[in-house]
Amino acid sequence: MRNTGVEMSLSTVNVARGAFRWQSSLNVARNRNRVVDLGTGLDASGNRVPIQQLTLTPRTGNFFGPGDVYLVRLGQPLGSIYGYRVAGLWQTGDACYLKNAAANCIPGEYKIADVNGDSVIDANDRVILGHGDPDFYGGLGNRLSYGRVSLDLLFTFAQGNEIINAGAAYGCLGIMQANERTCMLDRWTPTHTNTNIPRANNGRPRRLYSTLVEDGSYLRLKTLSLSVELPARLIRGIESARLFVTGQNVWITTKYTGFDPDVNSMGGDARFGGIDIGAYPQSRVWNVGVSATY
């Protein structure tokens, strides 16, 4: 595997006027990897040939059935997300492009792209749906101070990564014999066809559908801290004292519908980047205190 990357850091003093000062620090990183060699194997004739790709299955229980959902392919990043492209829902009267229309083109079911054009939906129709690594990521810190008062803000961000939302597989497909999420109230029915949630069907094949792969980009206010240094006349006998209020994970904006886009339920395993199996979100924490030096 070949890894390449670049990281940029920039620190500035934006304003320094009298008692007011505003400083910023920005760091942005971009990393890319490509699989260049998977070794060799034997073809049908027993000849040794280069291996072109491997498929992998993370520990996801029965969310996606027996199918592999990650791909390692020559020329692609490690751990590409691999599944079925959904082109909408079948509606009554749609022309069916698949064999056995009665079983495969049912109104309210997913209309899956027949990638290889053989009129059969099977493992050969899987495509790369995204990657767990972002196009770029980083942080932006700002410190604003005026006299004894200081405000520190740290934003973190990631752009261009995808996440497998396994929780949505459990609660928004109508295939589990358990409580569903409120999204199922918007499911397809003969009288409610303008939706992207399929009909309730416990017998639907458990596959990795493209509807379960979401944009994981986000911007988060990771840390906010407001502090005030107390004047000497108020702290006799103490060298210095500071009142502070600090918040962690204060705010976030993202299109991801899971609990937290900064997630990977497979830990540090680079083969399985960007998968959320109901991971607990980061806590929002507020601290109020006094820091004193004697």
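Structural remarks
- The stretch 140-167 - residue that is of a type outside the set (S, T, N, Q) and under 17 Å from the mean Cα position of the chain (by Cα) and, of those, nearest to Cys183 (Cα to Cα): Gly167
- Any hit, the stretch 14-32, residues being within 18 Å of Asn124 (Cα to Cα), without any contact (Cβ under 8 Å) to a residue 40 or more places away in the chain and touching a Ser or Thr at 6+ places or on another chain (Cβ under 9 Å): no
- In the set Val263, Val250, only one residue is more than 21 Å from Ser150 (Cβ to Cβ) and of a type in the set (A, V, I, L, M); that residue is Val263.
- Residue match in the stretch 23-30 (condition: part of a strand (DSSP E or B), under 22 Å from Gly75 (Cα atoms) and either modelled with pLDDT of 95 or more or under 22 Å from the mean Cα position of the chain (by Cα) (or both)): yes
- Count of the stretch 188-223 residues, restricted to those that are within 24 Å of the chain's Cα centre (by Cα), touching a residue at least 60 places away in the same chain (Cβ under 8 Å) and farther than 16 Å from Tyr84 by Cβ, is 9.
- Being at negative phi, outside any strand (DSSP E or B) and surrounded by 19 or more Cβ atoms within 10 Å (Cβ to Cβ) is a property that Ala158 lacks.
- Among the residues of the stretch 242-260, those identified as surrounded by 16 or more Cβ atoms within 10 Å (Cβ to Cβ), part of a strand (DSSP E or B) and of a type in the set (Ser, Thr, Tyr) are Thr246, Thr254.
- The one condition from (1) more than 22 Å from the chain's Cα centre (by Cα); (2) modelled with pLDDT of 90 or more that Leu38 does not meet is (2).
- Check on Ala123, modelled with pLDDT under 95, touching a Ser or Thr at 6+ places or on another chain (Cβ under 9 Å) and within 25 Å of Gln76 (Cβ to Cβ): yes
- Test: residue in the stretch 90-97 that is crowded, with 17+ Cβ neighbours inside 10 Å and not hydroxyl-bearing (Ser, Thr, Tyr): yes
- Flag if Gly93 is modelled with pLDDT under 90, in a loop (DSSP other than H, G, I, E, B) and either touching a strand residue (DSSP E or B) at 6+ places or on another chain (Cβ under 6 Å) or more than 30 Å from Arg2 (Cβ to Cβ) (or both): no
- Here is the figure for the stretch 198-221: residues that are farther than 30 Å from Asn179 by Cβ and either surrounded by 21 or more Cβ atoms within 10 Å (Cβ to Cβ) or modelled with pLDDT under 95 (or both) total 0.
- The set of residues in the stretch 114-124 that are in a loop (DSSP other than H, G, I, E, B), aliphatic (A, V, I, L, M) and surrounded by fewer than 18 Cβ atoms within 10 Å (Cβ to Cβ) comprises Val115, Val120.
- Take the conditions (1) under 27 Å from Ala169 (Cβ atoms); (2) among the aromatic types (Phe, Trp, Tyr); (3) touching a Phe, Trp or Tyr at 6+ places or on another chain (Cβ under 9 Å); Tyr97 misses just one of them, which is (3).
- Top-ranked residue of the stretch 1-51 - restricted to ones that are basic (Lys, Arg) and surrounded by 11 or more Cβ atoms within 10 Å (Cβ to Cβ), ranked as nearest to Leu154 (Cα to Cα): Arg21
- So Leu38, is it within 20 Å of Leu71 (Cα to Cα) and touching a strand residue (DSSP E or B) at 6+ places or on another chain (Cβ under 8 Å): yes
- Any hit, the stretch 192-209, residues being touching a strand residue (DSSP E or B) at 6+ places or on another chain (Cβ under 6 Å), assigned to a strand (DSSP E or B) and farther than 30 Å from Thr293 by Cβ: yes
The values are calculated or read from the model by the stated rules, or taken from the named source; none is laboratory data. Here the structure is a predicted model, which is why all the values come from computation and not from measurement. No Cβ is skipped: glycine too gets one built from the backbone with ideal geometry, and neighbour counts run over all protein chains shown.
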